[in-house]
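Reviewing the structure listed below.
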Amino acid sequence: MPGADVTILTRTLGRPCLADAAASVASQTLRPREWLVVDASGEGIEAPAAGGVPVRVAGAGERLPRARAANLGLDRAEGARVMFLDDDDLLLPDAVRVLSAALDARPGPGLAYGNVRAEAGGLPSPNRFALDYAELLLLKRNVFPNNAAMFDLAPVRGHAIRFDESLDWFEDWDFWIRLSAHVPFHHVAEEVAVYRMGLSQSGVWRWAGPDADPRMRAQKAIVEARCAARRGELEARHREAKAAAAGSAREGRLDDALAAWLAAAEHDPLDAEPPIAASRLLAGSGDVPRARAVLEAAVARMPKHPLLHAELARVYDDAGEASLASRARDDARRYAQPARGR
């Protein structure tokens, strides 16, 4: 089997689900160089076999928090590239092949990430991580789970990029933000992994819930504060770009306005204003199919945004799709209700 110079790095306390992670490593259609299992329990673990993939276990002889375990793994990795795979998550068989090809196709070091299917409680969940990359978006929220990505290790070591060992939550997001300042990120629109939320012990995906550990919010605020200046500069540019797009429309330069609104939508994929403005320009020019495509893509990114559903209902009406328009209006009302309640 051909191979890739990739270390798959797994932090584990030795839970039974480690066997599932091993099976997903073994299933890779492009064999990685190694599977490096970091013993975070400190008690000594015996990693299961991973098919034809060599397996190594690394540890410090003591229990390791997630961030410290990640740093130890980065220090011990022998591959030129690294993928994280926590013991409760899975890689799909083509993950190494797809992400390796994405990095090989571009000059210089970088990070490539694919789409991830999320499962909650062992049952399929409608949640997916499939957002295109935008720097501003990453500075606002974590764009992908850690098993979505492959990155070159040389710039990590060259720039001394480390996981912050004072963080018990959001340490992965903080690491991606640090890395993004040094290498480009690339999104690959193929599903490469499964995030098994129901097996997660950190519970970080419930950080906004009423029963969440209050330290989660505090640590999220720490990460946000660290990149506040960088985020603020990009947000200011985004506001200026939207103002320029609106100005072009007022002056009748509709092609310029459309291009500017579409560019703004790429700059912040979770801002509903640019796709709504772009769709109105397209619908006004008679290009209803493209207006519909712009809005449907925005709804896929922001499925609970009432204004997007309301706008899409109008486009469906223009297209003669009465049943779809009715459903979109129902969704607009349904998702607007919590906003009024707050």
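Yes/no matrix, rows are residues, columns are (1) within 27 Å of TYR335 (Cα to Cα); (2) assigned to a helix (DSSP H, G or I):
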| residue | (1), (2) |
| --- | --- |
| GLY232 | no, yes |
| GLU235 | yes, yes |
| ALA265 | yes, yes |
| LEU281 | yes, yes |
| ALA297 | yes, yes |
| LYS304 | yes, no |
| HIS309 | yes, yes |
| LEU312 | yes, yes |
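Among the residues of the stretch 282-300, those identified as touching a residue at least 24 places away in the same chain (Cβ under 8 Å), crowded, with 18+ Cβ neighbours inside 10 Å and within 30 Å of the chain's Cα centre (by Cα) are LEU282, ALA291, ARG292, VAL294, ALA298.
Answer yes or no as to whether LEU258 is out of contact with any Cys (no Cβ under 7 Å at 6 or more places or on another chain), in contact (Cβ under 8 Å) with a residue 12 or more places away in the chain and farther than 18 Å from LEU131 by Cα. Yes.
The residues listed here are ALA160, ALA189, ALA154; of these, the one that is in contact (Cβ under 8 Å) with a residue 60 or more places away in the chain, of a type in the set (Gly, Ala, Ser) and outside any strand (DSSP E or B) is ALA154.
The residues listed here are LEU74, LEU64, LEU99, LEU9; of these, the one that is assigned by TED's automatic domain parsing to the domain that holds PRO145, on the phi < 0 side of the Ramachandran plot, in contact with a helix residue (DSSP H, G or I) (Cβ under 8 Å, 6 or more places away or on another chain) and in a helix (DSSP H, G or I) is LEU74.
Taken residue by residue, the stretch 113-126 has at least one member that is at pLDDT below 95, of a type outside the set (Lys, Arg) and part of a loop (DSSP other than H, G, I, E, B). Here is the figure for the stretch 37-75: residues that are touching a residue at least 60 places away in the same chain (Cβ under 8 Å) and of a type in the set (S, T, N, Q) total 1. The residue that is surrounded by the most Cβ atoms within 10 Å (Cβ to Cβ), among those in the stretch 1-44 that are closer than 12 Å to ASP89 by Cα and small (Gly, Ala, Ser), is ALA21. Filtering the stretch 76-124 to residues that are more than 20 Å from PRO48 (Cα to Cα), touching a Lys or Arg at 6+ places or on another chain (Cβ under 9 Å) and surrounded by fewer than 17 Cβ atoms within 10 Å (Cβ to Cβ) leaves ALA80, ALA120, GLY122, PRO124.
The values are calculated or read from the model by the stated rules, or taken from the named source; none is laboratory data. Owing to the predicted nature of the structure, the values given are computational and were not obtained by experimental measurement. With ideal geometry, Cβ positions are generated from the backbone for all residues, glycine too; neighbour counts draw on all protein chains shown.
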